[in-house]
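The values are calculated or read from the model by the stated rules, or taken from the named source; none is laboratory data. The model shown is predicted, which means the values in this text are computed figures rather than measured ones. Because the Cβ atoms are built from the backbone with ideal geometry, glycine has one as well, and the counts that use them run over all protein chains shown.
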Amino acid sequence: MGKLGSTTNYEDIEHLAVGEVLQRSAQMVPQKICVFFKDRTLTYRQLDEQSSALAASLQETGIAKGDRVAIYMFNRLEFYITFYALQKIGAIVAWVNPGYRSHELSFILGNSQAKAIFVEKGKEGFDNFGLIQELRNSLPHLVSVISLGGGTGQGVVPFEEMVTSGRKKAFGKQPIDIHHDLSMLIYTSGTTGVPKGSMISHYQAVRGGYSHVRGVEATADDVFMGILPMCHSYGCGTTLLQPVLIQASVILLETFNAEQALKTIDAQKPTIQHGSPSHYIMEMNHPNLGRYNLSSLRAGYLAGQICPEEVIQWGEDRNISLSSSWGNSEVGPGAGTMCPFGTPLEIRKKSVGKPVPGTQIKAVDPETGRQVAAGEVGEMMVKGPNVLKGYWQNPEETDKQLEKDGWLHTGDLISIDEEGFIRMHGRSKDLINRGGLKIYPSEIETLILQHPAVSQVCIAGTPNPVLGESICACVIPREHAHVSLKEIRDFLKEKVAKQKLPDELSVFSDFPKMPGGVKIKKFGAGGVQELASLDKNREKLR
């Protein structure tokens, strides 16, 4: 068993179900604060006791092992209590992003046949609880609604009442087969089609959460800065699972705000901040950055999009070991690749690392399926114990994405060097076909971000009647800065071939994000590509 102050070894917890991991940590460090949230805290003992009380009440209402229960809330203390209560009784969590509205919400609740849902009243003028009540007539399986922050009606029970009444009872512990019983359904965003629910077992959830430990050498002494939404696979793994696995603490933010994050780092001294490149870019470009002391931070992962080298260097200049990693809903709440802690800077700038232990990765020609040579670009294929068991109620997509021998199609384009380090080149659908020439957006994005007037950039393909697609540089300028297409082209012309120079420039104040706020929404209605194509003011090459 790992000692406090040292990393819990994976062998200590690999045989445990998710709920048992919390019970183990609560026995080891009962008085230690697990979560700091605004002016409230939750110790490991309190989290264990309150989640057990909620588990008992859920069983009394008829929620049993194998039932699906949706969580539809923002980051808050009750999120931890809810998640671990469901894990203890063997219920399967169906993740629902709190930003989802009727279309996405009704699909997930209908597909999962959720028997109950935990829901906040809502924020920013939208009534999430009211939406659930509107949809209930079309969701016959949804029997119970557990409300937080208000809301009444038939079949509605306040969260606090569930916890209070459950304190007088003991939940009936269920035997859980960690390899076969499901912990959660992680739904893909569905931007190119119908969302799919990745089936993740207890074993995969624990293994996935623990996979993040190695890359930052996290220990019980670390304090995590929780800026990611925990309904997202990345936030679930790094904020909801990993700290509890190793008896660490979390400073939890309800939603991400760059200045609030900087203030919190300065005041509360977290040591690890996992996020997307966008989160770090917003922090490093914030006009008030110089007011805040970030010296407590020592490490963090970057995932969700290809990371510009400047972000890694920014961290290095401040003694923060930043490293890119790769993961997706199909590999659960964990990493699929990582750069082990201590990997040289020049490798971390260009690579997402190597496969996590036990995982295999190869690059194949998307058309022939043959493995490509070292250094050549191909589709990433993944195989290993963290790969999903299949898509919930969707055997067709399971057969399409998951081969019989266990290899998963990811749709990501990578190259693997002679030493096994992996470099991301984007999604296969990101490729721009400009007059028959294939353009990888990530190459151009990395260079444009070095322009002194540019804060963020996204390269998108826009319709071109002659070439098929034009290269449009979509940029967010730095505060009070101006940038033109000519300036961008002049900046790039000595760095890349002429055919890779942007044909168009579209200026954004912000990029649309995928639900969860981790990834830029590039495609689909309201995505960067559509907005750039419709931008009548975009500057074009004459």
| request: Examine segment 478-485 for a residue that is loosely packed, with under 14 Cβ neighbours inside 10 Å and within 27 Å of the chain's Cα centre (by Cα), and state whether such a residue exists. | output: no
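Restricting attention to segment 316-356, report how many residues are in contact with a Cys (Cβ under 7 Å, 6 or more places away or on another chain) and part of a strand (DSSP E or B).
Going through segment 316-356 one residue at a time, the tally reaches 3.
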| field | Odd one out for Gly110 among (1) of a type outside the set (S, T, N, Q); (2) at pLDDT below 95; (3) assigned to a helix (DSSP H, G or I) | value | (2)
| note | Selection over segment 117-134 where residues are in a loop (DSSP other than H, G, I, E, B), within 23 Å of the chain's Cα centre (by Cα) and not charged (D, E, K, R) yields a count of 1
| Among the residues of segment 455-466, which ones are surrounded by fewer than 22 Cβ atoms within 10 Å (Cβ to Cβ) and among the hydrophobic types (A, V, I, L, M, F, W, C)? | Val466
| message | Criterion first (aliphatic (A, V, I, L, M) and either farther than 27 Å from Tyr187 by Cα or surrounded by fewer than 21 Cβ atoms within 10 Å (Cβ to Cβ) (or both)) does Val387 satisfy it? | response | no
| query | Of all residues in segment 201-229 being modelled with pLDDT of 95 or more and polar (S, T, N, Q), which is farthest from Lys88 (Cα to Cα)? | reply | Thr219
| task | Please indicate, with yes or no, whether at least one residue in segment 339-352 is within 20 Å of the chain's Cα centre (by Cα) and at pLDDT below 95. | result | yes
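So that you can scan it fast, the table gives a plain yes or no per residue for (1) under 20 Å from the mean Cα position of the chain (by Cα); (2) among the charged types (D, E, K, R); (3) at pLDDT 95 or above:
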site: Ala267; (1), (2), (3): no, no, yes
site: Gln273; (1), (2), (3): yes, no, yes
site: Ser296; (1), (2), (3): no, no, yes
site: Gln313; (1), (2), (3): no, no, yes
site: Gly327; (1), (2), (3): yes, no, no
site: Gly334; (1), (2), (3): yes, no, no
| note | Conditions (1) under 19 Å from Glu530 (Cα atoms); (2) under 22 Å from the mean Cα position of the chain (by Cα); (3) surrounded by fewer than 18 Cβ atoms within 10 Å (Cβ to Cβ) -> Ser442 fails only (3)
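For segment 358-370, does any single residue satisfy the condition of being outside any loop (DSSP other than H, G, I, E, B), crowded, with 18+ Cβ neighbours inside 10 Å and not acidic (Asp, Glu)?
Initial filter on segment 358-370 (outside any loop (DSSP other than H, G, I, E, B)): 360-364.
From what is left, the residues that are crowded, with 18+ Cβ neighbours inside 10 Å are 361, 363.
Filter once more, so that each one left must be not acidic (Asp, Glu): 361, 363.
Within segment 358-370, one or more residues are outside any loop (DSSP other than H, G, I, E, B), crowded, with 18+ Cβ neighbours inside 10 Å and not acidic (Asp, Glu).
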| Hey, any hits in segment 91-109 for a residue that's more than 23 Å from the chain's Cα centre (by Cα) and not assigned by TED's automatic domain parsing to the domain that holds Ala525? | no
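For segment 376-434, which fully contained strands (runs of 3 or more DSSP E) count at least 3 residues that are under 23 Å from Gly208 (Cα atoms) and not assigned by TED's automatic domain parsing to the domain that holds Thr188?
Values: elements: 378-383, 408-416, 422-427, 432-434.
By residue number, 378-383, 408-416, 422-427.
Looking at this structure, is Gly526 within 30 Å of Arg101 (Cα to Cα), of a type outside the set (Ser, Thr, Tyr), within 26 Å of the chain's Cα centre (by Cα) and surrounded by fewer than 16 Cβ atoms within 10 Å (Cβ to Cβ)? Spell out the reasoning first.
Numbers: within 30 Å of Arg101 (Cα to Cα): yes; of a type outside the set (Ser, Thr, Tyr): yes; within 26 Å of the chain's Cα centre (by Cα): yes; surrounded by fewer than 16 Cβ atoms within 10 Å (Cβ to Cβ): yes.
So Gly526 passes the test.
Report whether or not Thr152 is polar (S, T, N, Q), surrounded by fewer than 15 Cβ atoms within 10 Å (Cβ to Cβ) and touching a strand residue (DSSP E or B) at 6+ places or on another chain (Cβ under 9 Å).
Details: polar (S, T, N, Q): yes; surrounded by fewer than 15 Cβ atoms within 10 Å (Cβ to Cβ): yes; touching a strand residue (DSSP E or B) at 6+ places or on another chain (Cβ under 9 Å): yes.
When the stated conditions are applied, Thr152 passes them.
Just for strands (runs of 3 or more DSSP E) wholly inside segment 189-301: which have at least 1 residues that are in the same structural domain as Gly19 (by TED's automatic domain parsing)? If you could, list the steps in order and put the result at the bottom.
Numbers: elements: 197-201, 223-226, 249-252.
So the answer is 197-201.
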| query | Just checking, which of Pro463, Pro502, Pro452 is over 30 Å from Thr239 (Cα atoms), in contact with a helix residue (DSSP H, G or I) (Cβ under 7 Å, 6 or more places away or on another chain), modelled with pLDDT of 85 or more and in a loop (DSSP other than H, G, I, E, B)? | reply | Pro502
